[in-house]
2 protein chains.
Amino acid sequence: MIDKLVEMIKKTHAPIVVGLDPMMNYIPEHIQKKAFAEFGETLEGAAEAIWQFNKEIVDCTYDLIPAVKPQIAMYEQFGIPGLKAFQKTVDYCHQKDLVVIGDIKRGDIGSTSAAYAAGHIGTVKVGSKEYVPFGEDFVTVNPYLGTDGVRPFIDVCKEQKKGLFILVKTSNPSSGEFQDRLIDGRPLYELVGEKVAEWGKDCMGESYSYIGAVVGATYPEMGRILRKIMPKSFILVPGYGAQGGKGSDLVHFFNEDGLGAIVNSSRGIIAAYKQEEYAQFGEEHFAEASRAAVKAMAEDIDSALKVRE
Amino acid sequence: MIDKLVEMIKKTHAPIVVGLDPMMNYIPEHIQKKAFAEFGETLEGAAEAIWQFNKEIVDCTYDLIPAVKPQIAMYEQFGIPGLKAFQKTVDYCHQKDLVVIGDIKRGDIGSTSAAYAAGHIGTVKVGSKEYVPFGEDFVTVNPYLGTDGVRPFIDVCKEQKKGLFILVKTSNPSSGEFQDRLIDGRPLYELVGEKVAEWGKDCMGESYSYIGAVVGATYPEMGRILRKIMPKSFILVPGYGAQGGKGSDLVHFFNEDGLGAIVNSSRGIIAAYKQEEYAQFGEEHFAEASRAAVKAMAEDIDSALKVRE
């Protein structure tokens, strides 16, 4: 799957992932109204609104991008109906041949991590039959429990040709509280980064490992160091746009080959129509605003990478 | 909710939580067969088997225990049908007046943690209506992202009178890989423990905070230290029984008042019928074996606490 991701980044010239994190207040009123008319102001109604919103954005952007990253929390908050919308979104993005990164940030002790891995990137057995429950291509994993919490995810990746992005340095303001603490003179995130590199060694695709890392765009200097610590790991970079990261902050997350990172934007793309810059599209044409925002983001990153050359 | 938990522990004399982590190989064949006869060898069939298994165990143990802890991964691995069984289990345990600890180990950046908190211990708004999606009483939370990842959970707890158990020192063998690393001469788990105490300060029930911690039974010496660092935090202690912890290892997780800890056992109770000790019950009467195992566990802990006095 890492090879497919690399190939699609090369094809689209856009190391970009669209974060499908549909907060209700991003969803235009006409979509909400229609969904509520059909299902009432219920969890099912909210789920329908989310699904229709996602579908339109995917329809308007899929040819420009290699991947999407649905944030499962935004679906899980609407209970079972919300999770059905997550499932539908994953399936629909696969129909559009997009790589799907499930932003699930799971992580537990061995047997429990194995269950999460089976559910999200693997298969489960029921009697003599085998099923693919959620079927994402990559998932994000929390490393706090150490190797035996991560290993079951890696095992499933090997079997199924899937991939991981392991949290190393997150984009939020207080990520440093534990992640930056010094251990033998070096911050915890560097030790986690070293582990990611080690875990990824025997998980190589053609040029990159399918065991990647999450490093926030909001910490470019740390990105530069982590890039060197994990030369073969793809870095998923959240925090572009709305969280404050800019294209010029991002160059050091990439390797000299112009690869090795994929930058996420959620609100900046899916709620682009709310920004002054894209206001001319109007709420009705929100997905076209998203398309314009994807193009602008790809250009921002591309020109930042060119300046570096 | 912490006050209800304390009250129920006093009433049952059992600081015990039954881990409802139904792996398929724990579920007796007659239950699987019946479920598959009705729903086929499908995800729905697996979910039905899980639900029937849980129901029987709850029916046979609810009067002896204060709380249950369903591990969501064991449900999530069966996709949407599995998560419906999780939901049904939570609802049924509430009917039996049990405290429900959702072992979800979520944790993300602010707005995303807020969505998880809403979904699991809070409410969501849909138009003018408000819903309780999963409705657990407590959830487990991963602290790797720092205060702003945890704060949204705490905010919801305050509003809804719910509670948290934050991962401090987990029970698995490689938990030390990051959690034990020394920072200014002290292990990371102590710093996380200090944060838990700090977060819990303005979240007090009658005698304990509703912001608790997870500390594995497999590390009793660390439990002793963490007990002192977080005197007002309830400690959820996994790893009893199957993972190697014994009653005598547990005394230091408790305060002098005999409270302050609640010990989880999953496999040791729900799959008790597979142990030689309880083999006389037979597979048909698996839930009675679970009842006997709960009694034995309560006694083991009670006598360990008495020896300490």
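The values are calculated or read from the model by the stated rules, or taken from the named source; none is laboratory data. Bear in mind the structure is a predicted one, so any value in this text is a computation, not a measurement. No Cβ is skipped: glycine too gets one built from the backbone with ideal geometry, and neighbour counts run over all protein chains shown. Surface areas here come from the heavy atoms of the whole protein model, side chains and all, with no ligands, DNA or RNA. Shrake-Rupley method; radii C 1.70, N 1.55, O 1.52, S 1.80 Å.
Here are the numbers for the structure shown:
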read-out	value
Qualifying residue in the stretch B:143-161 (condition: closer than 28 Å to A:Pro143 by Cβ, hydroxyl-bearing (Ser, Thr, Tyr), touching a residue at least 12 places away in the same chain (Cβ under 8 Å) and open to solvent by 10 Å² or more (accessible area, probe 1.4 Å))	yes
Residues satisfying the stated conditions in the stretch B:124-136, i.e. more than 7 Å from chain A (Cβ to nearest Cβ), in contact with a helix residue (DSSP H, G or I) (Cβ under 8 Å, 6 or more places away or on another chain) and either of a type in the set (Phe, Trp, Tyr) or over 14 Å from B:Phe165 (Cα atoms) (or both)	B:Lys125, B:Gly135
Pairs with Cβ under 8 Å, 6+ apart, first in the stretch A:73-101 and on the phi > 0 side of the Ramachandran plot, second assigned to a helix (DSSP H, G or I) and of a type outside the set (Asp, Glu)	A:Gly79/A:Leu43; A:Gly79/B:Gln87; A:Gly79/B:Gly119
Close pairs from the stretch A:285-301: first under 24 Å from A:Ser248 (Cβ atoms), partner open to solvent by 10 Å² or more (accessible area, probe 1.4 Å) and not in a helix (DSSP H, G or I), Cβ under 6 Å, at least 6 apart	A:Val294/A:Leu64
Any hit, the stretch A:83-104, residues being touching a Phe, Trp or Tyr at 6+ places or on another chain (Cβ under 7 Å), more than 26 Å from A:Ser265 (Cβ to Cβ), open to solvent by less than 10 Å² (accessible area, probe 1.4 Å) and of a type in the set (Gly, Ala, Ser)	no
Pairs, first under 21 Å from A:Ala37 (Cα atoms) and open to solvent by less than 10 Å² (accessible area, probe 1.4 Å) in the stretch B:126-137, second at pLDDT 95 or above and of a type in the set (Asp, Glu), C-beta under 7 Å, six or more apart	B:Val126/A:Glu41
Tally, over the stretch B:194-208, of residues that are touching a residue at least 60 places away in the same chain (Cβ under 8 Å) and open to solvent by 10 Å² or more (accessible area, probe 1.4 Å)	3
Criterion (at pLDDT 95 or above, over 20 Å from the mean Cα position of the chain (by Cα) and closer than 25 Å to B:Gly223 by Cβ) met by exactly one of B:Glu198, B:Glu159	B:Glu198
Tabulated pairs, the stretch A:214-229, first closer than 14 Å to A:Ile262 by Cα, second surrounded by 23 or more Cβ atoms within 10 Å (Cβ to Cβ) and hydroxyl-bearing (Ser, Thr, Tyr), C-beta under 7 angstrom, 6+ apart or interchain	A:Val214/A:Thr140; A:Val214/A:Thr170; A:Gly216/A:Thr170; A:Gly216/A:Ser175; A:Ala217/A:Tyr240
Helices (runs of 4 or more DSSP H) contained entirely in the stretch B:1-76, each with at least 3 residues that are closer than 20 Å to B:Val294 by Cβ and under 17 Å from the mean Cα position of the chain (by Cα)	B:2-12, B:43-61
Matching residues, the stretch A:68-82, being buried (at least 24 other Cβ atoms within 10 Å of the Cβ) and within 11 Å of chain B (Cβ to nearest Cβ)	A:Gln71, A:Ile72, A:Ala73, A:Met74, A:Tyr75, A:Glu76, A:Gln77, A:Phe78, A:Gly79, A:Gly82
Qualifying position, being more than 9 Å from chain B (Cβ to nearest Cβ), modelled with pLDDT of 95 or more and in contact with a His (Cβ under 6 Å, 6 or more places away or on another chain), among A:Val58, A:Val139, A:Val99	A:Val139
Sole exception among (1) of a type in the set (A, V, I, L, M); (2) surrounded by fewer than 21 Cβ atoms within 10 Å (Cβ to Cβ); (3) in contact (Cβ under 8 Å) with a residue 60 or more places away in the chain for B:Ala37, by number	(3)
Filter result for the condition that a residue is modelled with pLDDT under 95 and either more than 8 Å from chain A (Cβ to nearest Cβ) or buried (at least 24 other Cβ atoms within 10 Å of the Cβ) (or both), over B:Ile109, B:Ile121	B:Ile109
